[in-house]
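S.K.: One structure follows; several queries about it will come next.
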Amino acid sequence: MEFRMETYEFGIGMPGDLGEGLIHYCHGIADGAQDLSVIPERFFFGFVFNLGSNIHFNTGQRMLPLAKRHYILTYIPQGTYHLMLETGRHALFCIEFTIPWLDRLRSLFPVLTEFMRKIQTEDYAISSEPIRITARVHTEIEFTLHNDFTDTARELLIGTKYMLISMDSLRIMQAAEGDPHEIEKIRNAYDYLSKNIQFPCNVSALADRVGMTAKKLEKAFKRVYGVTVYKALTNERLNRSVYYLRDSNLPINEIAALVGYKNADVFYSTFKRNFGYPPGELRKKSDK
């Protein structure tokens, strides 16, 4: 397979007071299960978001699974490691932390300080378990990769998204450090939403399903994911539509119905309002 890697370099902060940021986007299509060798130029410390099919990192000492639509915080030292790829479309979006940005984040998110302690005792460090990529973070990633800005404006946009994605992903990790029983219920609620996007949402019924009151669910859900239940459903519908637009030839009105929009015009306007371009434009960008 041809596995392409694109690297974006940009200033962080105004004007670049947090150093130069790095984002790596690796993507390709595997016709069958494959083992891909990777030799990074230096160590990597940051987030890896899996936007495509399931993969495993084989470091020679550990096998680190990363399912589709999940992300991890990881430290990988310099050296050769292997990606075990399943059949299908693969896309990894990687945010590499700079030292100034890392220092700023540590003061805001204690979970990051705890993770750095693991680096001192382990050759390869990974967050306790992969976390589902929320639709909001996915939207930010999509806008980072596919936008019409150029030159300085594009660099400013990518730098801003770099900070937003980093902070939102760490906030979700931090929120997961709360009551494990409550966190499990909130995750179950999100999972149910994401698997039933074609149906209308009833918060009371969702709360009953996971064993919470509607009021407690709404409050805890927003604390963990940063959005309301209804906004999360909208984001998931748009997120799923991106996969259909990229990986199928279905007409846009059929995609709208599959993700829960009875009216294709409402889907069209909602998509454009969130991504900045219409659904058909995403197909053109993906084919380039």
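The values are calculated or read from the model by the stated rules, or taken from the named source; none is laboratory data. Quantities reported herein were computed from a predicted structural model and do not represent experimental measurements. Don't worry about glycine lacking a Cβ; one is built from the backbone with ideal geometry, like all the others, and counts go over all protein chains shown.
S.K.: Out of Leu250, Leu258, I need the residue that is over 24 Å from the mean Cα position of the chain (by Cα), surrounded by fewer than 20 Cβ atoms within 10 Å (Cβ to Cβ), closer than 22 Å to Gly52 by Cβ and at pLDDT 90 or above. Which one?
M.R.: Leu250
S.K.: Here are some conditions: (1) loosely packed, with under 13 Cβ neighbours inside 10 Å; (2) free of Cβ contacts under 8 Å to residues at least 24 places away in the same chain; (3) farther than 18 Å from His138 by Cβ; (4) of a type outside the set (S, T, N, Q). Asp208 meets all but one. Which one does it not meet?
M.R.: Asp208 satisfies all of (1) loosely packed, with under 13 Cβ neighbours inside 10 Å; (2) free of Cβ contacts under 8 Å to residues at least 24 places away in the same chain; (3) farther than 18 Å from His138 by Cβ; (4) of a type outside the set (S, T, N, Q) except (1).
S.K.: How many residues does the stretch 68-85 contain that are aliphatic (A, V, I, L, M) and modelled with pLDDT of 90 or more?
M.R.: Qualifying residue count, the stretch 68-85: 2.
S.K.: What's the number of the only condition in (1) exposed (fewer than 14 other Cβ atoms within 10 Å of the Cβ); (2) outside the structural domain of Arg69 (by TED's automatic domain parsing); (3) under 22 Å from the mean Cα position of the chain (by Cα) that Ala220 fails to meet?
M.R.: Failed condition: (1).
S.K.: Do we find a residue being within 22 Å of Ile158 (Cβ to Cβ), in a loop (DSSP other than H, G, I, E, B), in contact with a helix residue (DSSP H, G or I) (Cβ under 8 Å, 6 or more places away or on another chain) and not hydroxyl-bearing (Ser, Thr, Tyr) anywhere in the stretch 71-84?
M.R.: no
Results for (1) surrounded by 15 or more Cβ atoms within 10 Å (Cβ to Cβ); (2) touching a strand residue (DSSP E or B) at 6+ places or on another chain (Cβ under 9 Å); (3) closer than 30 Å to Ile12 by Cα, shown as yes or no for each residue.
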{"position": "Asp168", "(1), (2), (3)": "yes, no, yes"}
{"position": "Met173", "(1), (2), (3)": "yes, yes, yes"}
{"position": "His181", "(1), (2), (3)": "no, no, no"}
{"position": "Cys201", "(1), (2), (3)": "yes, no, no"}
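S.K.: Output the residues belonging to the stretch 24-53 that are of a type in the set (S, T, N, Q) and either at pLDDT 90 or above or within 14 Å of the chain's Cα centre (by Cα) (or both).
M.R.: Residues satisfying the conditions are Asn50, Ser53.
S.K.: Okay, moving on. Considering only the stretch 142-165, I want to know if a residue exists there that is assigned to a helix (DSSP H, G or I), farther than 15 Å from Phe10 by Cβ, in contact with a helix residue (DSSP H, G or I) (Cβ under 9 Å, 6 or more places away or on another chain) and in the same structural domain as Phe97 (by TED's automatic domain parsing).
M.R.: Yes, the conditions are met somewhere in the stretch 142-165.
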